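Here's the structure, in structure tokens; my notes come after.
The values are calculated or read from the model by the stated rules, or taken from the named source; none is laboratory data. Every value quoted in this text rests on a predicted model; they were computed, and no experiment measured them. Glycine gets a Cβ as well: all are built from the backbone with ideal geometry, and neighbour counts include every protein chain shown.
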């Protein structure tokens with residue numbers, strides 16, 4: 001009977017694995033486990049984002065343009081208002097001063113009207129004073145006209161409630177009803193703006209007055 005071959009301990013020792021073999025095994029495992037990944041097409045998303053950003057920029061530009069136009073319009077309106085206010089101030093700025101001055105001018109005019117036309121009986125100094133007052137009145141009237149202040153003296157004109165103020169009625173059949181027949185105080189205009197109205201007496205028919213008086217007498221009788 002043949003003797004069985006005795007196994008030595010060296011036969012049970014596995015082959016030694018070198019570091020190079022381990023790296024190769026790892027590479028093979030990674031290659032086997034690595035599954036292909038589908039690449040996602042991002043071109044559509046990028047185009048959508050570009051369109052959205054482009055539309056947003058267009059909206060922003062239109063808003064900025066609209067704001068600029070509004071600002072320019074507001075500045076233009078402000079400029080026109082300023083020019084109109086300056087023109088109005090230059091044209092009517094001395095209205096209050098003229099109104100206060102007219103009362104003094106009226107007193108001066110009344111004083112001249114009370115003086116007699118025949119000044120031969122007066123002393124030479126008094127005559128010079130009266131002549132000087134008349135010259136001052138004429139100069140003031142010239143200055144008022146120079147500053148576009150005109151007198152309203154509507155004798156014989158139709159009553160105009162815009163420029164006249166009726167103080168009393170005068171029976172008169174010679175003129176049309178509502179005609180100014182007396183001027184108690186003249187009015188004045190600054191350009192086209194009324195400084196003060198003329199205080200006037202307006203005509204009315206005599207027949208209506210007489211009939212009213214007769215009716216009142218009959219009723220009393």
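Scan segment 133-147 and tell me whether some residue there is modelled with pLDDT under 95, surrounded by 17 or more Cβ atoms within 10 Å (Cβ to Cβ) and part of a strand (DSSP E or B). No, there is no match, as no residue in segment 133-147 is modelled with pLDDT under 95, surrounded by 17 or more Cβ atoms within 10 Å (Cβ to Cβ) and part of a strand (DSSP E or B).
Residue-by-condition table, conditions (1) out of contact with any helix residue (DSSP H, G or I) (no Cβ under 8 Å at 6 or more places or on another chain); (2) at pLDDT 90 or above; (3) surrounded by 10 or more Cβ atoms within 10 Å (Cβ to Cβ); (4) closer than 28 Å to residue 187 by Cα:
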position	(1), (2), (3), (4)
36	yes, no, no, no
44	yes, no, no, no
56	yes, no, yes, no
68	yes, yes, yes, no
127	yes, no, yes, no
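Out of the residues in segment 175-204 that are more than 17 Å from residue 106 (Cβ to Cβ) and part of a strand (DSSP E or B), which is farthest from the chain's Cα centre (by Cα)? Top of the filtered list is 204. Somewhere in segment 100-109, is a residue under 20 Å from residue 182 (Cα atoms) and part of a loop (DSSP other than H, G, I, E, B)? No: segment 100-109 contains no residue that is under 20 Å from residue 182 (Cα atoms) and part of a loop (DSSP other than H, G, I, E, B). Checking 172, 107 one by one, the residue that is under 28 Å from residue 203 (Cβ atoms), over 33 Å from the mean Cα position of the chain (by Cα) and free of Cβ contacts under 8 Å to residues at least 40 places away in the same chain is 172 and no other.
Screening residue 184 on (1) at pLDDT 90 or above; (2) surrounded by 14 or more Cβ atoms within 10 Å (Cβ to Cβ) shows it passes everything except condition (2). Output the residue which, of all residues in segment 148-178 that are in contact with a helix residue (DSSP H, G or I) (Cβ under 6 Å, 6 or more places away or on another chain) and more than 20 Å from residue 190 (Cα to Cα), is modelled with the highest pLDDT. Across segment 148-178, the extreme among qualifying residues is 171. The test for being surrounded by 17 or more Cβ atoms within 10 Å (Cβ to Cβ), within 40 Å of the chain's Cα centre (by Cα) and within 21 Å of residue 106 (Cα to Cα) holds for residue 163.
Can residue 116 be described as within 22 Å of residue 186 (Cα to Cα), modelled with pLDDT under 90 and part of a loop (DSSP other than H, G, I, E, B)? Criteria met by residue 116.
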